[in-house]
Amino acid sequence: MGIDGEKIKQWLIEEGILKAEIPDERAEWHYVVEFPQNSNQVSDVLKPIDKDVVIVISGIVLSENHYKALHSLSYEKKRNLIFKWKMDLLFREAEFRMIPNDEMLQRIEFSAIIYPDELKKSVLIKALREIFRCKLYVIWNVRHEFDKTNSIDSMYL
């Protein structure tokens, strides 16, 4: 029994968060969603061809200003800040990757895997919520650390 992409698509439509269905040669199906609704926060929900799982994935790209600010910190201060993020994110349910690495951090990618035996609408929405909370954690930390004004500087993937 495979994972029903049409059922997943219907759940996303019911929640009003489906934005697009995109062709992906590495996936049986691949949807782009905006979660929470009307937030401009985009995530991907997909079923890889070679695995019987649903993957929810999204990330944060540091704006040019935030990237420069982070990498202009002293080595020790940058190291401590990123270490704090890693330790805090370690205890979230989503997995994370710092890209290209934590020394030259440009973006952070978050993902959650849902296995067929646990796949239901509430689990999918919980995974999207978890990814969103991880993104908020980074957004709020970066803004707290580097923004001395209330200017909105996007850092979405």
Quick count over the range 121-149, residues being surrounded by fewer than 18 Cβ atoms within 10 Å (Cβ to Cβ), at pLDDT 95 or above and among the basic types (Lys, Arg), is 4
By residue number, the members of the range 1-23 that are at pLDDT below 95 and in contact with a strand residue (DSSP E or B) (Cβ under 6 Å, 6 or more places away or on another chain) are Ile3, Gly5
Sole miss for Val32 among (1) part of a helix (DSSP H, G or I); (2) surrounded by 15 or more Cβ atoms within 10 Å (Cβ to Cβ) is condition (1)
Among the residues of the range 48-96, the number that are in contact (Cβ under 8 Å) with a residue 40 or more places away in the chain, out of contact with any Pro (no Cβ under 9 Å at 6 or more places or on another chain) and among the aliphatic types (A, V, I, L, M) is 10
If we ask which residues in the range 87-109 are at pLDDT 95 or above, over 15 Å from the mean Cα position of the chain (by Cα) and surrounded by 13 or more Cβ atoms within 10 Å (Cβ to Cβ), their number turns out to be 1
Subset of the range 39-68, residues buried (at least 20 other Cβ atoms within 10 Å of the Cβ), out of contact with any Asp or Glu (no Cβ under 7 Å at 6 or more places or on another chain) and among the hydroxyl-bearing types (Ser, Thr, Tyr), comes to Ser43
Filter the range 35-46 for residues that are without any contact (Cβ under 8 Å) to a residue 24 or more places away in the chain and not in a loop (DSSP other than H, G, I, E, B); the one that is farthest from Tyr115 (Cα to Cα) is Asp44
Quick count over the range 1-29, residues being assigned to a strand (DSSP E or B) and more than 19 Å from Leu119 (Cβ to Cβ), is 2
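The values are calculated or read from the model by the stated rules, or taken from the named source; none is laboratory data. Everything numeric in this text was worked out from a predicted model, so none of it was measured. Here Cβ is always computed from backbone atoms with ideal geometry, including for glycine, and neighbour counts include all displayed protein chains.
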